[in-house]
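The block underneath contains the structure these notes are about, expressed in structure tokens.
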Amino acid sequence: MPSRQNGTSAHGSEPSNISYPPGIHVPSLTFFDDDQRQEVDWTTQEKHFSFLAASGIHGIVLAGTNGEAIALTRSEKADLVRSARKVATDHGKSALPITLGTSGTSTRDVIDDCIVAGEAGADFVLVLVPSFFHFAMSKDAICEFFEEVAAASPLPVLIYNFP
């Protein structure tokens, strides 16, 4: 299983270089109930995770393809990670890398997502620039944002370059 440290050793001191594992890492859809509240449909979600885990993929990317990173609550994202990890483990694939998409309206929000992702059992985070201000940010500000997030994240950070 990949290390769950980003930029630090297990004791938080020495830099480390964690490469994203090779292979096919499938962006998983998030399924919702067809009602007014549109809560996560956990029954369908777990069936989908089971299908993915049994299909021979090399990793799962959660909340990273259809806007879920900004639309889901932090608790829902953590529950997605826990559910995917449980299903993968049930299929004998406890080391299946799980990447969680993160986003927010501030650096603090994104860092909090990264912390929760680590606590829930994710291996990597996919980080998007704060969605409301990306168009007004200079290249230096964007680089500083990613540097701050990477320094504070307990997990390796993947930069999500989405226009």
Any chance you could look up the accessible area of Phe145 with a 1.4 Å probe, heavy atoms only, rounded to 10 Å²? 10
On the formula 1/(1 + (r/R0)^6), with r taken between the Cβ atoms of Tyr20 and Ser55 and R0 of 22 Å, the FRET efficiency rounded to 0.05 is 0.70
Compute the relative contact order of the stretch 67-163 as a whole-number percentage, counting only Cα pairs closer than 8 Å that sit 6 or more residues apart in sequence. 27
Using a Gaussian network model of the chain whose springs link C-alpha atoms within less than 10 Å, name the residue from Asp123, Asp112, Asp35 with the highest mean-square fluctuation. Asp35
Compute a Gaussian network model of the chain, connecting alpha carbons closer than 10 Å, and tell me which residue from Gly118, Gly23, Gly104 fluctuates the most. Gly23
Three principal axis extents, largest first, for the C-alpha atoms of the chain, in Å? 43, 39, 24
Report P(r) for the stretch 83-163: all Cα-Cα distances, bin width 5 Å, range 0 to the bin holding the largest distance, values in whole percent. 3, 16, 25, 21, 14, 9, 6, 4, 1, 0
Where is the GNM fluctuation largest for the chain (alpha-carbon springs, 10 angstrom cutoff): Ala84, Ala151, Ala117? Ala151
Sum of -39500 (n - 2.57) over DSSP H runs of 4+, divided by residues of the chain (222 nm, nearest 500): -12000 deg cm²/dmol
Pop a pseudo-label 7 angstrom from the Cα along the beta-carbon direction at both Glu148 and Trp42 and give the gap in nm to one decimal. 3.5
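The values are calculated or read from the model by the stated rules, or taken from the named source; none is laboratory data. Remember, it's a predicted structure, so these values are computed and weren't measured experimentally. Here the Cβ is made from the backbone with ideal geometry for all residues, glycine too, and neighbour counts use every protein chain on show. Ligands, DNA and RNA are excluded from the accessible area calculation, which covers all protein heavy atoms including side chains. Shrake-Rupley method; radii C 1.70, N 1.55, O 1.52, S 1.80 Å.
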